[in-house]
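Here's the structure, in structure tokens; my notes come after.
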Amino acid sequence: MWFFRGKGPSGFSSSSTAEEVTQGVDATGLTAIVTGASSGIGTETARVLALRGAHVVMAVRNVAAGKDVREAIVKQIPTAKVDAMELDLTSLSSVRKFASDFNSSGLPLNILINNAGVMATPFLLSKDKIELQFATNHVGHFLLTNLLLGNMKKTARKSSKQGRIVNVSSEAHRYPYPEGIRFDKINDQAGYRSYLAYGQSKLANILHANELARRLKEEGADITANSLHPGVIATNLFRYNSAINGIVNGIGRALLKNVQQGAATTCYLALHPQVKGVTGEYFADSNLSKTTQHGQDVEMGKKLWDFTMNLTK
């Protein structure tokens with residue numbers, strides 16, 4: 001169980017909260033985008049980044065919910081700089097519009113947190129006819145990241161502050177389809193298994209971060225890219241499975257991480273000086289962790305990059 005684990009080399013543990021891992025960090029002058037910030041650990045991530053002084057742009061599908069969260073954060077932290085902008089990761093045109101609007105706003109971008117996600121949905125296709133979990137968790141974030149990279153590179157050069165890209169993955173990456181990524185069967189409804197498809201999408205988050213880190217390092221860009229497991233958290237992510245959702249809403253809440261603990265590793269990677277220069281790594285409980293062989297497969301990462309580039313053309 002998470003609550004039996006002691007502190008790791010970073011000085012933090014699975015019970016550390018997002019506020020604790022960012023204590024003493026001044027993020028004034030930094031601009032961050034957090035996808036899926038209208039609920040769960042996305043909301044807590046946005047709140048803590050704003051608490052530390054960052055200008056936070058919440059990228060949300062439900063703008064009304066996003067504005068409610070923004071108002072709640074500003075009410076608690078009157079000095080907070082928080083905006084809400086519409087982003088539907090299931091629609092590549094929505095991703096393009098969001099990136100265009102952000103880039104034309106004149107705002108710099110120091111931190112990109114690819115947090116939003118869906119879990120174990122029935123077989124569904126996105127607006128672009130891509131299996132929904134793969135589309136939402138990976139493809140939408142891949143395109144968003146690519147479209148914002150120019151801004152991030154420019155910001156890093158002008159500010160002399162290292163940019164950071166953070167992909168929220170999951171230990172579920174250990175349980176994808178046997179081949180890892182089913183490049184030839186992404187939309188295969190007959191062979192679809194909701195939890196294996198979720199694992200596939202979370203593996204894609206790790207491979208994306210790893211390949212992005214390799215490319216950024218190769219071109220000398222001062223931007224890091226890492227992935228993480230936030231922990232098993234009592235949030236609405238389990239809403240598509242009524243049995244598990246019932247357990248989570250019952251005894252599970254006493255055993256799982258709360259959102260304050262669940263957002264810790266994300267905030268650690270976004271702000272903590274300990275991870276300056278660290279790139280292409282996988283973290284859990286605000287400490288370095290190990291992924292699977294699939295998660296370290298450089299060739300699969302390169303193939304996924306090319307495959308996703310074709311999907312987003």
Do we have any residue at all in segment 217-224 that's of a type in the set (Asp, Glu), assigned to a helix (DSSP H, G or I) and free of Cβ contacts under 8 Å to residues at least 24 places away in the same chain? yes
If a residue has to be surrounded by 17 or more Cβ atoms within 10 Å (Cβ to Cβ) and more than 14 Å from the chain's Cα centre (by Cα) to count, how many in segment 136-147 make the cut? 1
Of (1) farther than 16 Å from ALA225 by Cα; (2) surrounded by fewer than 20 Cβ atoms within 10 Å (Cβ to Cβ); (3) of a type outside the set (D, E, K, R), GLN261 satisfies all except one. Which? (2)
Any chance VAL48 is farther than 22 Å from THR136 by Cβ and either assigned to a helix (DSSP H, G or I) or modelled with pLDDT under 95 (or both): yes
On the given criteria, is PHE12 hydrophobic (A, V, I, L, M, F, W, C), at pLDDT 95 or above and either assigned to a loop (DSSP other than H, G, I, E, B) or surrounded by fewer than 24 Cβ atoms within 10 Å (Cβ to Cβ) (or both)? yes
Pairs, first at positive phi and modelled with pLDDT of 95 or more in segment 140-152, second among the basic types (Lys, Arg) and part of a helix (DSSP H, G or I), C-beta under 8 Å, six or more apart: none
Take the conditions modelled with pLDDT of 95 or more, assigned to a strand (DSSP E or B), small (Gly, Ala, Ser) and buried (at least 16 other Cβ atoms within 10 Å of the Cβ) and apply them to ALA213. Does it pass? no
Can you tell me which of VAL34, VAL25 is outside any helix (DSSP H, G or I), modelled with pLDDT of 95 or more, more than 20 Å from the chain's Cα centre (by Cα) and surrounded by 16 or more Cβ atoms within 10 Å (Cβ to Cβ)? VAL25
Restricting attention to segment 60-113, the residues that are in contact (Cβ under 8 Å) with a residue 60 or more places away in the chain and touching a strand residue (DSSP E or B) at 6+ places or on another chain (Cβ under 8 Å) number exactly 8
Which numbered condition trips up LYS154, out of (1) surrounded by fewer than 17 Cβ atoms within 10 Å (Cβ to Cβ); (2) not in a helix (DSSP H, G or I)? (2)
So is TYR198 at pLDDT 95 or above and farther than 20 Å from HIS141 by Cα or not? no
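The values are calculated or read from the model by the stated rules, or taken from the named source; none is laboratory data. Just so it is clear, the structure is predicted and the values come from calculations on it, not from any experiment. Here the Cβ is made from the backbone with ideal geometry for all residues, glycine too, and neighbour counts use every protein chain on show.
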